[in-house]
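Chemist: Dropping a structure here in structure tokens format, bear with me for questions.
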Amino acid sequence: MSQGFTSRELLTGVHHIQDPLGVHLTLLVGQDRALLLDTGYGLYPLEEYIRYLTRLPLTVVLSHGHHDHALGAARFGQTWMLEEDLPVFAAYTSQQQRQLALARAELAPQAARRYLTADIPPPAALTQDTFDLGSLSAQVIRVPGHTPGSLALYVPQRQLLMLGDSWNPQTWLFFPEALPVRDYARSFQGLMALPFQQALAPHHPDLLPRDVLLAYAKGLTEEGFAQAKPYPVPGHAHIPTRAFAPCAGALLIFRV
Ligand SMILES: [Zn+2]
């Protein structure tokens with residue numbers, strides 16, 4: 001049944017799910033509806049795993065268009081994202097990106113062929129700013145930085161912020177579509193106005209306390225940017241990058 005997925009209900013109705021290749025997705029289950037933030041790599045039948053967790057009508061939202069969040073959109077009829085990230089989605093769901101993901105998995109030849117050739121319908125552009133799930137809701141927050149159309153979701157009933165790739169133990173800000181580091185910093189610091197107490201990130205398994213993110217936001221300073229040291233990222237060493245730790249335990253890597 002699990003198909004290599006695992007999940008934990010970290011707060012009531014909040015399931016943090018791990019894709020077999022490592023990235024996390026989050027499922028919100030309200031009284032009337034469910035919402036899935038991100039779809040992982042799409043190599044395995046995520047739609048069946050979600051149906052095992054809930055039978056409620058499902059809305060699928062992408063935090064942004066990168067492959068590890070968006071390739072699984074192939075498994076759902078309809079997905080939603082901010083319009084600004086549609087070009088990112090188009091680039092990162094290419095055959096080449098699928099080949100790279102396939103190389104990390106062991107799929108039977110027929111499943112591999114299907115994965116490579118699947119028609120992935122482009123997400124619809126998000127127009128609403130709140131999803132009401134009954135007893136839970138999710139507010140769409142724009143966080144341009146990691147990509148132009150990155151979004152976060154805020155769940156007021158749980159005082160929970162779902163960050164997308166706008167924060168991770170290593171936050172990556174060096175792909176061509178990333179905004180300049182100062183634009184990202186402004187977006188991220190804006191998130192701190194939300195009254196969240198805990199947060200979730202796609203490349204971290206557990207809840208993060210507010211204090212950690214406040215310390216990180218405070219560390220996004222001119223002094224920090226100036227102190228950043230060259231930091232070649234394995235697999236992306238051709239991109240000139242620098243990194244520094246805005247707070248203990250977190251690294252921001254940005255394009256020079
Ligand atoms: Zn990303």
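The values are calculated or read from the model by the stated rules, or taken from the named source; none is laboratory data. Only a predicted model underlies this, so the values are computations on that prediction, with no experimental measurement involved. Cβ atoms come from the backbone with ideal geometry, glycine included; neighbour counts cover every protein chain shown.
Chemist: When only residues in region 1-20 that are touching a residue at least 60 places away in the same chain (Cβ under 8 Å) and in contact with a helix residue (DSSP H, G or I) (Cβ under 7 Å, 6 or more places away or on another chain) count, which is farthest from Leu107 (Cα to Cα)?
Modeler: Across region 1-20, the extreme among qualifying residues is Leu11.
Chemist: Taking Leu153, is it within 16 Å of the ligand (Cβ to nearest atom), of a type in the set (A, V, I, L, M) and either within 26 Å of Pro209 (Cβ to Cβ) or in a strand (DSSP E or B) (or both)?
Modeler: Working: within 16 Å of the ligand (Cβ to nearest atom): yes; of a type in the set (A, V, I, L, M): yes; either within 26 Å of Pro209 (Cβ to Cβ) or in a strand (DSSP E or B) (or both): yes.
Here the answer is yes, as Leu153 does meet what is asked.
Chemist: Within region 75-93, can you find the residues that are out of contact with any helix residue (DSSP H, G or I) (no Cβ under 7 Å at 6 or more places or on another chain) and at pLDDT 95 or above?
Modeler: Within region 75-93, Gln78, Trp80, Leu82, Glu83, Glu84, Asp85, Leu86, Pro87, Val88, Ala90, Ala91 qualify.
Chemist: Quick one: count up the residues across region 156-176 that are within 16 Å of the ligand (Cβ to nearest atom) and either surrounded by fewer than 15 Cβ atoms within 10 Å (Cβ to Cβ) or not aliphatic (A, V, I, L, M) (or both).
Modeler: The qualifying residues number 12.
Chemist: Same structure again: Can you tell me which residue among Thr54, Thr6, Thr39, Thr12 is crowded, with 22+ Cβ neighbours inside 10 Å and among the polar types (S, T, N, Q)?
Modeler: Thr39
Chemist: Follow-up question, since we're still on this one. Inside region 87-102, can you point out the residues that are more than 16 Å from the chain's Cα centre (by Cα) and not in a helix (DSSP H, G or I)?
Modeler: The one that is more than 16 Å from the chain's Cα centre (by Cα) and not in a helix (DSSP H, G or I): Ser94.
Chemist: Return the pair list, or none, for Cβ contacts closer than 6 Å from residues in region 26-41 that are in contact (Cβ under 8 Å) with a residue 40 or more places away in the chain and on the phi > 0 side of the Ramachandran plot to residues that are surrounded by 23 or more Cβ atoms within 10 Å (Cβ to Cβ) and assigned to a strand (DSSP E or B), at least 6 apart or on different chains.
Modeler: Filtered contacts from region 26-41: Asp38/Leu25.
Chemist: Right, another one. For region 37-81, name all the residues that are of a type in the set (A, V, I, L, M, F, W, C) and within 16 Å of the ligand (Cβ to nearest atom).
Modeler: Of the residues in region 37-81, the ones of a type in the set (A, V, I, L, M, F, W, C) are 37, 43, 46, 50, 53, 56, 58, 60-62, 70-71, 73-74, 76, 80-81.
Listed by number, the residues that qualify are Leu37, Val61, Leu62, Ala70, Leu71, Ala73, Met81.
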